[in-house]
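As structure tokens, the structure follows; a few thoughts come after it.
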Amino acid sequence: MTTTTAPDANEPLPKAYDPSQVEPRLYAHWEQQGYFKADPTPSLLPVDDPGYRRPYCIVIPPPNVTGSLHMGHAMYVIEDVLIRWHRMLGDNALWLPGVDHAGIATQMVVEKELARTEKKTRHDLGREKFLERVWAWKQQSGNRITTQLRTLGFALDWSRERFTMDAKLSAAVVEVFVKLYEEGLMYRAARLINWCPRCRTALSDLEVEPKEEKGKLWDIAYPLVDGSGEIVVATTRPETLLGDTAVAVHPGDPRYQGWVGKKVRLPLAPEKRTTADAETIGNTIPIVGDAILVDMAFGSGAVKVTPGHDFNDFETGKRHKLPLVNLLNPDGTLNDNAGAYAGKTADAARKEVLKALTESGALRGEKDHVLARGRCQRCDTVVEPYNSTQWYVRAKPLAGPAIRAVETGRTRIIPEGWTKTYMHWMTNIQDWCVSRQLWWGHQIPAWYGPDNAVFVARSEAEAAAAAEKHYGKLVTLRRDDDVLDTWFSSALWPFTTLGWPEKTADLDAYYPGAVLETGFDILFFWVARMMMMGIHFMGEVPFKHVYLHAIVRDDKGEKMSKVKGNVVDPLDVIQGATVDRLPKAAQKQYPEGWKPQGADSLRFTLASMASQGRDIKFSMERIEGYRAFLNKVWNAARFALMRVTPGAVRPIDDVKKDMSPADRWILGRLQELSRGVNTSLKEYRLDEATMSIYHFLWDELCDWYIEMSKPALMDTTASPRKVACEATLVHVLDHALRLLHPFCPYVTEEIWQKLPLARRPAETIQLARFPTGDATWDDPVSAAVVGTAQELCNAVRRIRADVSLNPSKKVTLRVGCTDAAKREVTQFEDALKRLANVEAIEFHAELGADKTKQCAMMQTTKFQVAVPLEGLLDVEAEKVRLAKELEKAEKELAGIRGRLDNAGFRERAPKDIIEKDEARAAELNEKMGRIRDTVSRLN
RNA sequence: AGGCGCGUAGCUCAGCGGUAGAGCACUACCUUGACACGGUAGGGGUCGGCGGUUCGAGACCGCCCGCGCCUACCA
């Protein structure tokens, strides 16, 4: 295996950058060298100790252990950028990797597999054998995720990799459960929950997705028992009438004055129904008055009340002490309370109920109605409100401190707009149902005695001891079958991963984390709950910042999902993919499949799109564009390595006196860039940072600095100017690569290792200091000089293009300008000749008529530029061209004039704005005068 | 129903009180000794609509239209 990071410096770089030749080799080397491994020791020293290093910790949002990364996960690049940036700043950075057991999702996958291959259910196997299968599945597929994370180049400390079901983390979950129980924050209660009949488990509110569908609203007449009339109720679920235990009307409704207290007979309902309290009731139910449930204006103003199968009705039932009739079996079929309909599914029962009601004449109307039904987030099955006994976390006492932590700024949410959403949810928080009727997960540490007395304990032995004390004798205990919601263990992730409940050095050094970075879609699921648990168990917030990034969508803006078939595997982008692996929509556009783009291109693209909006649309075109950018950077380095004298260059401080204005300018720009990148990163503006790096490297370094430096670099002897130029070029590349490194670790490391640096500050670029800007290199004077040269160069190029002069044809230049401008420009004469392909430059104070004859002319702020065309000049075309220039200037001047002529503007606008406008107006006037002059000479 | 967000060049998106920007795409010319994954130049926008604040408004305020998301409810 090749592990060298310092390939032979004499070996020229390949002409084009090929990530596949670089990335796997470098990652293996980095990991082997332990560059990602963190050590808490320096952060445990006193802050004023010279060895102290500020901790900077991010725990990864754990992906599903048996899943596979999709483009959304590739957004981890944000965390990698932050970690690499802080490590280079000298902070003690830890990025802690790990995976999550993903209870329902994983169990479902294994159950499906079991059904497919062996035609068995988990019950056929039994709990123990089934769990063995899941663990085997986890072993088998668990590596895929970590391989993907490595391929993306992430600087994760693999020595600290965690899994939510590790023994230690599982023990921590039990510890939290027991503590919450002891504090009265964990309780068991019977109430309606969301039940997925397919998964056969309870779900939390957040795991239910309401989806609109077309349905019907039926009117059904219930006859009064005393025969004095009937009451018509409306319902979207007629079959639930079998579970009705009352009809509610508004107490103030004139239509029903005196009806409250009367009884109606439920059509179709069996004569004996068993309530949740194991009492038997019949099929006559009372009319109750309820102002909360009933809206007089809706329908008939009378509502059937089904406490067993509707959340509002459940509350109504409590208010009026109504019995609760459960109609459902756990699999969603109707039970004996449904009488003749027992054993049928709800849908089948509905049809029959409607038929029977029609026949009896009780059905009074039917109309179309749009309603939203909750569906299981995992399997899309319609979720039923279902009465059952579950474990709950009392949320309000935990939410209070989590609200205050954000109010007081101990945790800051970025972008700020999400703060309001967080507050709103926290303020209206409901108790959290945490038990799930699954097998894969953390089994609830509760044991039940013969009389169902509950013993919550850290172990079976502890529970047995408590039971013995309670009963005064040994009894057989039965453990709670259920497991905890996956998000319950995820909520503990920021501290259990660091060793809690043990007091570890990691916990001391790295808690609270610096930032929690994730998609906004799990703000409630995860972020809010980590806040509550972190504060409660650690006494301190789990992280100082919460950065919520936008969601990656496909190129049409749709959320990526397996169902839609638009999921993109980041590895397919990095390594390339055959056409059959592409999303359907992309197959037409890329019939040959995807070419490999490399991890750096993907990383840079995602970082550049990580703006503060809500959507990130996946775009292959942009990735291709940034691959071209990295190739450009590669070639700039290739050029430098080919041109620079072999051996180490001098440090820039040694050659300062020999530097050209271009050298000083690019060094000044580098400082400005360094400051800008740090500022942007501090505010999580990765998009801004990538844009400024891109602009610097391509537009300023490649297009101007390198081009301007070529004459000096081509010197055959080691002239002072050449030495200074080489030092500058290598220094700028060194530092620009460091700035780019957090985004593109591979290409930057590969190039950096080959640079002939004066001083190599570290064995890897990821441990080199991140540039923060050194103001002593700021040089506005040189910047102005370069600006002047660019102005002249641009004018010549523009003339060439405008008169369609072959770019390869050399021209002579006549320039009219002040002595000062001439002095500036002559410092770049060689470079200018190259850049504009000019043979010779004649300077004049003023270009008179004799000098502009047969010339194409251009007037810039500082220069009159004339290109002699000896008989080639098309006078008419030239007139048109100049007229266009004139028009452009006139338009600009008109705008400024409009402002300057406005009395209000002159009175109220700041002075510097007015002065700027006046100066520009004067410039434009001068320019226009010269253009008019030129035009008149053409005639 | 309430909340949030978005609507700027063909596409994707920055800008958020002082002369309309970038990338990609497009057009013309160019195999100049790092790079055709390149170079040079260029075209293209009454910044969703209507009002208001201001000397000045994509930018701030109000209303409206369109799209998206979240929360809650809909017998």
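The values are calculated or read from the model by the stated rules, or taken from the named source; none is laboratory data. Because the structure is a prediction, the values reported are computed rather than measured. Glycine also receives a Cβ, built like all others from the backbone with ideal geometry; neighbour counts cover every protein chain displayed. The accessibility values were calculated without ligands, DNA or RNA, using every heavy atom of the protein model including side chains. Shrake-Rupley method; radii C 1.70, N 1.55, O 1.52, S 1.80 Å.
Among residues belonging to region A:182-227 that are part of a strand (DSSP E or B), of a type in the set (D, E, K, R) and closer than 30 Å to A:PHE298 by Cβ, point out the one that is most open to solvent (accessible area, probe 1.4 Å).
Among those that are part of a strand (DSSP E or B), of a type in the set (D, E, K, R) and closer than 30 Å to A:PHE298 by Cβ, it is A:LYS214.
If A:LYS179 passes every condition in (1) part of a strand (DSSP E or B); (2) basic (Lys, Arg); (3) at pLDDT 95 or above but one, which one does it miss?
All conditions are met except number (1).
The rows are residues; the columns are (1) modelled with pLDDT of 90 or more; (2) within 16 Å of RNA strand B (Cβ to nearest atom); (3) not in a loop (DSSP other than H, G, I, E, B).
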{"residue": "A:ALA278", "(1), (2), (3)": "no, no, no"}
{"residue": "A:LEU293", "(1), (2), (3)": "no, yes, no"}
{"residue": "A:GLY339", "(1), (2), (3)": "no, no, yes"}
{"residue": "A:GLU352", "(1), (2), (3)": "no, no, yes"}
{"residue": "A:ARG364", "(1), (2), (3)": "no, yes, yes"}
{"residue": "A:HIS369", "(1), (2), (3)": "no, yes, yes"}
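Does region A:618-639 contain any residue that is within 6 Å of RNA strand B (Cβ to nearest atom) and touching a strand residue (DSSP E or B) at 6+ places or on another chain (Cβ under 8 Å)?
Checking region A:618-639: not a single residue is within 6 Å of RNA strand B (Cβ to nearest atom) and touching a strand residue (DSSP E or B) at 6+ places or on another chain (Cβ under 8 Å).
Look at A:LYS138 and say whether it is part of a helix (DSSP H, G or I), buried (at least 18 other Cβ atoms within 10 Å of the Cβ) and either charged (D, E, K, R) or in contact with a helix residue (DSSP H, G or I) (Cβ under 8 Å, 6 or more places away or on another chain) (or both).
Against the criterion (part of a helix (DSSP H, G or I), buried (at least 18 other Cβ atoms within 10 Å of the Cβ) and either charged (D, E, K, R) or in contact with a helix residue (DSSP H, G or I) (Cβ under 8 Å, 6 or more places away or on another chain) (or both)), A:LYS138 qualifies.
Which one of these is in a helix (DSSP H, G or I) and open to solvent by less than 10 Å² (accessible area, probe 1.4 Å): A:ALA74, A:ALA105?
Exactly one of A:ALA74, A:ALA105 is in a helix (DSSP H, G or I) and open to solvent by less than 10 Å² (accessible area, probe 1.4 Å), namely A:ALA74.
For region A:379-389, state whether one or more residues are open to solvent by 30 Å² or more (accessible area, probe 1.4 Å), at pLDDT below 90, in a loop (DSSP other than H, G, I, E, B) and within 13 Å of RNA strand B (Cβ to nearest atom).
No, region A:379-389 contains no residue that is open to solvent by 30 Å² or more (accessible area, probe 1.4 Å), at pLDDT below 90, in a loop (DSSP other than H, G, I, E, B) and within 13 Å of RNA strand B (Cβ to nearest atom).
State yes or no: is A:ILE220 touching a residue at least 60 places away in the same chain (Cβ under 8 Å) and near RNA strand B (Cβ under 9 Å from one of its atoms)?
It is true that A:ILE220 is touching a residue at least 60 places away in the same chain (Cβ under 8 Å) and near RNA strand B (Cβ under 9 Å from one of its atoms).
Return the residues of region A:89-123 that are closer than 26 Å to A:ARG162 by Cα and hydrophobic (A, V, I, L, M, F, W, C); say none if nothing qualifies.
A:ALA93, A:LEU94, A:TRP95, A:LEU96, A:VAL99, A:ALA102, A:ILE104, A:ALA105, A:MET108, A:VAL109, A:VAL110
Identify, please: which residue in region A:698-721 is hydroxyl-bearing (Ser, Thr, Tyr) and either open to solvent by 50 Å² or more (accessible area, probe 1.4 Å) or more than 16 Å from A:MET659 (Cα to Cα) (or both) and is, among those, farthest from RNA strand B (Cβ to nearest atom)?
Selected residue: A:THR717.
Scan region A:439-474 for residues that are without any contact (Cβ under 8 Å) to a residue 24 or more places away in the chain, open to solvent by 50 Å² or more (accessible area, probe 1.4 Å) and not aliphatic (A, V, I, L, M) and jot them down.
Those that are without any contact (Cβ under 8 Å) to a residue 24 or more places away in the chain, open to solvent by 50 Å² or more (accessible area, probe 1.4 Å) and not aliphatic (A, V, I, L, M): A:ASP451, A:ASN452, A:GLU460, A:GLU462, A:GLU468, A:LYS469, A:HIS470, A:TYR471, A:GLY472, A:LYS473.
Might you check whether a residue that is away from RNA strand B (no atom under 16 Å from the Cβ) and open to solvent by 40 Å² or more (accessible area, probe 1.4 Å) occurs anywhere in region A:229-249?
no
Are any residues in region A:399-424 open to solvent by less than 30 Å² (accessible area, probe 1.4 Å) and not in a helix (DSSP H, G or I), and if so, which ones?
A:THR411, A:ILE413, A:ILE414, A:PRO415 - these are the residues of region A:399-424 that are open to solvent by less than 30 Å² (accessible area, probe 1.4 Å) and not in a helix (DSSP H, G or I).
Taking region A:311-327 as the region of interest, how many residues are buried (at least 21 other Cβ atoms within 10 Å of the Cβ) and either within 41 Å of the chain's Cα centre (by Cα) or among the hydroxyl-bearing types (Ser, Thr, Tyr) (or both)?
Residues flagged as buried (at least 21 other Cβ atoms within 10 Å of the Cβ) and either within 41 Å of the chain's Cα centre (by Cα) or among the hydroxyl-bearing types (Ser, Thr, Tyr) (or both) within region A:311-327 amount to 2.
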